[in-house]
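K.L.:
Structure provided below as structure tokens; questions to follow.
The numbers here are math on the coordinates, done by the rules we state, and not lab data. As the structure is a computational prediction, the values presented were derived from the model and not from experiment. Positions of Cβ are generated from backbone atoms using ideal geometry, with glycine treated the same way; all protein chains shown enter the neighbour counts.
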Amino acid sequence: MKKTGSQILLECLQQEGVDTVFGYPGGTVINIYHDIADYPIHHILTRHEQAAVHAADGYARTTGKVGVAIATSGPGATNTVTGIATAYMDSVPMVIITGQVPTPLIGNDAFQEVDIIGITRSITKHNYLVQDIKDLSRIVKQAFYIARTGRPGPVLIDLPKDIQVASAKFEYPEKVELRGYKPTYSGNARQMEKAARMILASRKPVLYVGGGATGADASEDLLAFAEMTQAPVTTTLMGMASFPQRHPQALGMLGMHGTYYANMAVTNSDLLIAVGARFDDRVTGKIASFAPHAKIIHIDIDPTSIKKNVRVDLPIVGDLKDVLNKLGVALGERPEELAAMVDGSAAWRTEIDDWKSSHPMGYQASDSIIKPQYVIEQLRELTADDAIITTEVGQHQMWTAQFFSFSQPRTFLTSGGLGTMGYGLPAAVGAQAAFPERQVIDISGDGSFQMNSQELATLVQYKLPVKIAILNNNYLGMVRQWQEMFFDRRYSETTMELPIDFVKLAEAYGATGLRATRPEEVGEVIRKALATPGPVLMEFKVDREENVMPMVPAGAAINEMVLAS
Amino acid sequence: MKHTISVLVENEFGVLTRVAGLFSGRGFNIESLSVAPTLDPSVSRMTIVTRGDDRILEQINKQLNKLIDTIKVTDFTGQDYVEREMALVKVAAEEETRAEVLRIVDIFRAKVVDVTPRSYTLEVTGVPTKLDAVIDLLKPMGIKELVRSGPIVIGRGQ
Ligand SMILES: Cc1ncc(C[n+]2csc(CCOP(=O)(O)OP(=O)(O)O)c2C)c(N)n1
Ligand SMILES: [Mg+2]
């Protein structure tokens, strides 16, 4: 029996096991929206296409499955761009489906036509314009395969309207054939042998873990490997939740707002083992002074990440799970040498402990004003271990990374690579849709919140009980901090002059609003929010000019930190 | 250093823009680029001449390989290969220079492919440096138009 293009698309989604999609209708996807009601696919209508893409992203980051978003052509498609770029930078598996004007009109500046393939070429792992209905199911199959394999990423399918209404026989291909795409999963045995020797020879090793560990679901393997070598573990913003932050070997985050001891450990190490990380400039600071005494082993699924920014002594391309396991086996086969290495690095561990005790992470507590870090600590205290935390971008994001002590993988959703304000709330929509029973909390700033606050409507409509914690400093705080430190305190356009009544805003959407203005109210407000069914917005009036510390000024070496006074 | 890279790609919609966009987006330079289908019409070959140090070339190589439509990347630098480029040169041919133009044609085994009362159009094939030499010699006669194909290369032996 023949099916229409829009039915074929939906059949394909079903074949891929898609249960939830996020989107927004319009003229060139109206057929898909007409047909979707016939399929067991839950559609969540966000209030903006950017939010639909972030929601699909949140769904993907929490579940590890491919997130799916749908938008109409023209403005719908352009609205997806920030969401796609966010997912691309953080390697999130997604398929974005955009409607397109009918094929005969393409190139004519038709109503709501944009060249979304051209626009998204550099922010997708791959993209497709479907030109013939006969190609549709093959393209969808390939799109999902490309999105989730290798280094994951977003794939866009641009589907012209005439192809949605045309009809053809539906057959879902069994295999994907892409002669140009064959990710390397298995680490090269000789390289791993060399790596094992380098590890056994080291006395000051550090594991530097990035978002790839989450993408590869390699947390357990990482923990086993770390414990075997006793090497301290520092993580990037993207890698935080893949290693339990209360583990004695955890050093927290490195880089611009990293801990003193993580940055000192990297600077003084003799062997840096990079695991699914890409030496971002926010991590390395001044490249020439980054890990100057260390040999570098770089393990990554994506060969282009290796030797892009820093010299690497030993590259290993492969799946982190596979490589960490095999390295563990190789070390396990030399118990005496391993014991010698672990014993031999005892002095190193003492050195690190000394840095930890001389410069612990902390902040000036107060009993008269709410310290933003205190709110984060209280949130950790009062939420479940498996609570999913999303953030926006700014100081609140860094404090979350510094003080939340993540303990489970896929519980920290934040825009690391692109740094997209407005990410957290829609990402929470996606996370909560994936896990209706878990606690999902968006830790937000007053500035960022206003970038996608319309998603309060989505929460209320779908009864998604997301809790929002706004750390309100009435500032674009992170930019203000830079102005304070590097621009003579000229707070140009970073003061949010208009005080918003966030509680009333929540209520206007039919959500609950709560406010804390004094430290003793913080715990109470959080408890109440967690006990209240449905979405709740908590506003915390925090110390306005608190800064994120330590801080490595842009361009400085990471051991040249400005520390809290 | 100059590198000549041969890239086999799927002959798909938009593949040229993907490759060109990769170079411009990452700040790699392209000196020349030529594209045509291979014996297998589903595959095209691009020959790209670029410049960069080892680190940049390694990135170019890896980034090209990362494109889904890329089937194979070969950097011919340091390998044994045959390189050819073609130029079409429209050169002024006045009474007093006609003979000289033909002499150059002869020496470099070029061909006259079009003649008008005031110009010759020459076809010159060879390695790029040979083309440079011919063009230099023709310049004093007055080159009206010059079209170069960019080099193409093929490995020696099997
Ligand atoms: C879409 C977007 N625009 C601009 C920026 C630049 N930026 C980074 S942090 C920040 C301030 C964020 O303010 P807020 O959300 O209130 O968080 P705070 O730093 O005060 O915690 C800005 C403007 C950005 N990251 N994203
Ligand atoms: Mg703020």
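K.L.:
Please give the Cα centre distance for segment B:90-154 versus segment A:328-378, rounded to the nearest Å.
P.N.:
Computed from Cα coordinates, the inter-centre distance equals 72 Å.
K.L.:
State whether segment A:184-316 is rounded, prolate or oblate according to the following rule on the C-alpha gyration tensor (a ≥ b ≥ c being the square roots of its eigenvalues): a/c under 1.5 gives rounded; otherwise a/b larger than b/c gives prolate, and the remaining case gives oblate.
P.N.:
rounded
K.L.:
How much net charge surrounds residue A:196 when only the other residues with a Cβ under 12 Å from the Cβ of residue A:196 are counted, with Lys and Arg +1 and Asp and Glu -1? Spell out each step's value before the answer.
P.N.:
Numbers: positive: A:190, A:194, A:197, A:326, A:334; negative: A:193, A:333, A:337.
With Lys, Arg at +1 and Asp, Glu at -1, the neighbours total +2.
K.L.:
In peptide A:301-308, how many Cβ atoms from other protein chains are near each Cβ within 10 Å, on average?
P.N.:
Working: counts 0, 2, 7, 9, 1, 3, 5, 6.
The mean count of partner-chain Cβ atoms within 10 Å per residue comes to 4.
K.L.:
Considering the options A:238, A:405, A:198, tell which one lies farthest towards the positive end of the dipole of the protein assembly as shown, charges being +1 on Lys and Arg and -1 on Asp and Glu at the Cβ, about the Cα centre.
P.N.:
A:198
K.L.:
Here's a follow-up. Please compute, for peptide B:7-16, the average count of beta-carbon atoms on other protein chains lying within 10 Å of each residue's beta-carbon. Before the final figure, lay out each step's value.
P.N.:
Values: counts 0, 2, 1, 3, 0, 2, 4, 6, 0, 0.
That average works out to 2.
K.L.:
Which percentage, to the nearest 5, of the DSSP beta bridges contained in chain A is antiparallel? Don't skip to the answer; put the middle values down first.
P.N.:
Working: 6 of 71 bridges.
Roughly 10 percent of the beta bridges in chain A run antiparallel, per DSSP.
K.L.:
Can you give the local net charge around residue A:15? Use residues other than it whose beta-carbon is closer than 11 angstrom to its beta-carbon, Lys and Arg +1, Asp and Glu -1. The partial results should precede the final answer.
P.N.:
On the way: positive: A:141; negative: A:11, A:16, A:171, A:174.
My count for the surroundings of residue A:15 gives -3.
K.L.:
Mind ranking A:193-206, A:55-68, A:146-159 by how tightly packed they are, going by the mean number of other C-beta atoms within 10 angstrom, highest first?
P.N.:
A:55-68, A:146-159, A:193-206
K.L.:
When only C-alpha pairs under 8 Å and at least 6 residues apart count, what is the relative contact order of chain A, in percent? The partial results should precede the final answer.
P.N.:
Details: 1284 pairs, mean separation 79.7, N = 565.
Over chain A, the number comes to 14 percent.
K.L.:
Also: State whether segment A:378-451 is rounded, prolate or oblate according to the following rule on the C-alpha gyration tensor (a ≥ b ≥ c being the square roots of its eigenvalues): a/c under 1.5 gives rounded; otherwise a/b larger than b/c gives prolate, and the remaining case gives oblate. Before the final figure, lay out the partial values.
P.N.:
Numbers: a/c = 1.72, a/b = 1.25, b/c = 1.38.
Since a/c reaches 1.5 but b/c is at least a/b, the shape of segment A:378-451 is classed as oblate.
K.L.:
Further question: Show that you can apply the helix-only estimate: for chain A, add -39,500 (n - 2.57) for every DSSP H stretch of four or more residues, divide by all residues, and state [θ] at 222 nm to the nearest 500.
P.N.:
Calculated from helices alone, the mean residue ellipticity at 222 nm is -11000 deg cm²/dmol.
K.L.:
If I require 27 Å or longer along the helix axis, counting alpha carbons, and a Kyte-Doolittle average no lower than 1.0, what helices from chain B are left? Use full DSSP H segments.
P.N.:
Details: long enough: none.
Flagged H segments: there are none.
K.L.:
Rounded if a/c is under 1.5, else prolate if a/b is larger than b/c, else oblate: which is chain A, with a ≥ b ≥ c the root eigenvalues of its Cα gyration tensor?
P.N.:
Numbers: a/c = 1.99, a/b = 1.22, b/c = 1.63.
Because a/c hits 1.5 or more and a/b fails to exceed b/c, chain A counts as oblate.
K.L.:
Just tell me which lysines come within less than 18 Å, Cα to Cα, of residue A:541; anything on the same chain fewer than 8 places away is out.
P.N.:
A:371, A:467, A:504, A:528
K.L.:
With +1 assigned to the C-beta of every Lys and Arg and -1 to the C-beta of every Asp and Glu, and no other charges, what is the dipole magnitude of segment A:186-241 about the Cα centre in debye, to the nearest 20? List each step's numbers first, then the result.
P.N.:
Details: 5 positive and 5 negative charges, 86 e Å.
Its charge dipole is roughly 420 debye.
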